Amino acid sequence: MLIFTLRRFSLFFFTLLLLTMLSFSLSFLFPGEQLINLTGQISASPEQLAVLANEYQHHSGLLGQYISYLKHLFQGDMGYSMTSHLPISNEVLNRLPATVELASVALLVAMFVGIPVGFCAAIYHRKAADNLILTIAMIGYSIPVFWLGILAILVFSIQLGWLPSSGQISLLFEIKHITGLQLIDIILSDSPYKWQAFQDATRHLILPVIVVALAPATIFMRLARSAMLEVLDTHYIKAAKAKGLTFSQIIYRHAMRNAIIKVIRDIGLQFANLITIAMVTEVIFSWPGIGSWLIESIYQRDYTAIQGGLIVLSSFIFIVHIIIDLVYAALNPLAREPRHGT
Amino acid sequence: MNLIDIRNLSIKLQTSTKPIFAVDRVNLTMKEGEVRGLVGESGSGKSLLAQAIVGVLDEKWQVDADRFHWRGNDLMRLSAEERKAIISKDVAMIFQEPMACLDPTTTIGEQLEEAVDVEQLTGYFWQKRQQRKLAAINLLHKVGIKQHEVCVKSFPHQLTDALCQRVMIAMALARRPMLLIADEPTAAMESTNQGQIFRLLASLNQLKNMSILLISHDLENVTHWTNTITVMYSGQFVEAGTTEQIFNQPYHPYTRALVDSSPKASRMIPNKSRLMTLPGSIPTLQHLPIGCRLGPRCPRAQQKCVHAPKIKNFHSHQVSCHFPLKDNYS
């Protein structure tokens, strides 16, 4: 298990290295001066530029420039936004937690709805329930997210007036920024209206989470269904039947765990997809997350922000990947051992 | 009293055009304490028959029989649940590829513990966990695994095939079955391990009077361990009798060919001579011949063979052939 973890971390390290290379090369590929793209200081005087050039070792070779860029990155300096002239790292720190909150809640919802429903479909294979679930999964997967988001606002916020249409929390509540994760901040705060604030934040969360979770949930349904069908067809299920276990015992003790292992592998892959959906949803619901910020900075040609956001968002996706891989290894004894041959 | 008595058991696969009889009217009787071999080529329906007895066949197969008695009880009259209750209490089965038959994500100990019969445990519920553990370790000792501590904690992929098969046997023993169905328990195993597994089964038979239905494609090997043998070909009953009768005086041309095809040390065979074989190969399920399915390959086939033969009984030596080789031995 230790070796497995170390291997994951070395993979993480090298992937990040490649990502920084990509981001570094972007500063050359974007139009304009490379140094300005990298630092985001568009209105710097020639003297300031000279200082920056010295700092980023602009006169040494490419490797030297790259290493000094890495150094800045590790110090948390990702330059300044070209439009707002604020440090990128501050912006990211302010914006990322909202996205983390939205994406992780959506992922959990998608998992806890999609996987059990998929298992049900497999258990009632070739019956009405199975067909119904497959149809729903197909429809849910085919609905484009931007359309679904607008439709949800139209129906639930405007016509029915049940849920708020935008933002993370009503402006009435003042919550101190501690972790950045709204729900946790509310619990940590000592406001007398804590409970009301919590309710309000949850109400704000419901619509975007449903919109983000729908497509991944339908994918999980189909993955879980096929995984369960595969497991139910194996020899050990037949042997368990011959052992005299009842059907529910077989499902709960043997089939579920093996099927979940097969699904979890793919959850990591789907997470990148989920983040993309979350970015679009953030724009629709004016969610103050990093996704909408990144899309905005693309519109405004804020090259420094694009580079910084790219690195942060992709390392977030990769961290989730690694966590899921570790969960996978914890559940599956076969994955923990080092592979030789085969 | 017969332990199990099956008459005309058929297993059919419903296709779009016509049903295919993968197993066609097979008889099987076993006495208590008997070790019976069920021999046939691959695809002769012996595994299907065994799985039909235990009731673990997929839904796509339809099973029906004229008679299915278990220790005098007519199981055909019972509902599916009652049948499953009786069968899972008294009949256990072990499969080929033991490693694939153990849940790869659960430890051996947990899998053994869940096989332990609840009725055998006494005491209050807080004592039961401990008792289950003890029962599981006892089962491991019974099949000759002494290092139970290591074994209980390991996962199936950490054990060898032979050890896994022992664990499977231990699980089968958990309910103290009357009948153990062993479906090619030693396929793809080394010969020393094969011998160990067979010796273990033989000792279980002798010590606990447990009947064993030993399924195999290897007639030669099976004869060392069985009292009686049933031979099947392409889903049809061929011949049944004591091991001596089948091995020394087979009445059916197929059994004759099967015995002749295996080289024996006692018989002198000149170098590079061909072994006795039947022409052709076993028919596929889509193209089964009518009547006796051996017909197209049989050296003694005549016009009559397009009708399925009736079973003839010579002193408890049953043979399903129009022209048995009875007169050859006198």
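The values are calculated or read from the model by the stated rules, or taken from the named source; none is laboratory data. Bear in mind the structure is a predicted one, so any value in this text is a computation, not a measurement. Here Cβ is always computed from backbone atoms with ideal geometry, including for glycine, and neighbour counts include all displayed protein chains.
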Working only within segment B:1-45, note down all residues that are in a strand (DSSP E or B) and of a type in the set (Asp, Glu).
B:5, B:24
Go through the residues of segment B:270-285 one by one and say whether even a single one is farther than 21 Å from residue B:35 by Cα and either buried (at least 20 other Cβ atoms within 10 Å of the Cβ) or in contact with a Phe, Trp or Tyr (Cβ under 6 Å, 6 or more places away or on another chain) (or both).
no
Need at least 3 residues that are among the acidic types (Asp, Glu), in contact with a helix residue (DSSP H, G or I) (Cβ under 8 Å, 6 or more places away or on another chain) and more than 26 Å from residue B:285 (Cα to Cα) per element, so show me which strands (runs of 3 or more DSSP E) inside segment B:197-264 make the cut, counting only ones lying wholly within it.
none
Residue check for residue B:28: within 14 Å of chain A (Cβ to nearest Cβ), closer than 19 Å to residue B:237 by Cβ and either in contact with a helix residue (DSSP H, G or I) (Cβ under 8 Å, 6 or more places away or on another chain) or not β-branched (Val, Ile, Thr) (or both)
no
Within segment A:121-139, work out how many residues are in a helix (DSSP H, G or I) and of a type outside the set (A, V, I, L, M, F, W, C).
3
Can you tell me which residues in segment A:247-265 are in contact with a helix residue (DSSP H, G or I) (Cβ under 9 Å, 6 or more places away or on another chain) and more than 7 Å from chain B (Cβ to nearest Cβ)?
A:247, A:249, A:250, A:251, A:255, A:256, A:259, A:260, A:262, A:263, A:264, A:265
Looking at segment B:173-195, can you tell me whether even one residue there is within 14 Å of chain A (Cβ to nearest Cβ), part of a helix (DSSP H, G or I) and at negative phi?
yes
For segment B:219-241, does any single residue satisfy the condition of being touching a residue at least 40 places away in the same chain (Cβ under 8 Å), exposed (fewer than 15 other Cβ atoms within 10 Å of the Cβ) and of a type in the set (Phe, Trp, Tyr)?
no
Elements of type helices (runs of 4 or more DSSP H) contained in segment A:185-298, each with 2 or more residues being among the acidic types (Asp, Glu):
A:194-232, A:256-284
Kindly list, by first and then second residue, each pair from a residue in segment A:251-268 that is hydrophobic (A, V, I, L, M, F, W, C) to a residue that is at pLDDT below 85, limited to pairs with Cβ atoms under 6 Å and residues at least 6 apart or on different chains.
A:261/A:331; A:261/A:332
Since residue A:235 meets every condition but one in (1) buried (at least 17 other Cβ atoms within 10 Å of the Cβ); (2) of a type outside the set (D, E, K, R); (3) within 10 Å of chain B (Cβ to nearest Cβ), which condition does it not meet?
(1)
Of the residues in segment B:190-222, those that are among the hydroxyl-bearing types (Ser, Thr, Tyr) and either in contact with a Leu (Cβ under 6 Å, 6 or more places away or on another chain) or at pLDDT 85 or above (or both) number 3
Where the second residue is acidic (Asp, Glu) and the first is farther than 11 Å from residue A:243 by Cα and lies in segment B:84-101, which pairs have Cβ atoms under 7 Å and are six or more apart or on separate chains?
B:95/B:183; B:96/B:183; B:96/B:184; B:98/B:161; B:99/B:161
Check A:102, A:107, A:151 and return the single one that is under 27 Å from residue A:168 (Cα atoms), aliphatic (A, V, I, L, M) and touching an Asp or Glu at 6+ places or on another chain (Cβ under 8 Å).
A:102
Using the structure shown, decide if residue A:188 is under 30 Å from residue B:56 (Cβ atoms), hydrophobic (A, V, I, L, M, F, W, C) and assigned by TED's automatic domain parsing to the domain that holds residue A:260.
no
Hey, can you tell me all the residues within segment A:156-175 that are exposed (fewer than 10 other Cβ atoms within 10 Å of the Cβ) and at pLDDT below 75?
A:171, A:172
Out of the residues in segment A:297-315 meeting the condition of being surrounded by fewer than 17 Cβ atoms within 10 Å (Cβ to Cβ) and in contact (Cβ under 8 Å) with a residue 24 or more places away in the chain, tell me which one is nearest to residue A:92 (Cα to Cα).
A:310
Scan segment A:233-260 residue by residue and report those that are of a type in the set (Lys, Arg) and more than 16 Å from residue B:118 (Cβ to Cβ).
A:238, A:241, A:257
I'd like to check something: does segment B:200-213 contain any residue that is within 14 Å of another protein chain (Cβ to nearest Cβ) and surrounded by 24 or more Cβ atoms within 10 Å (Cβ to Cβ)?
yes
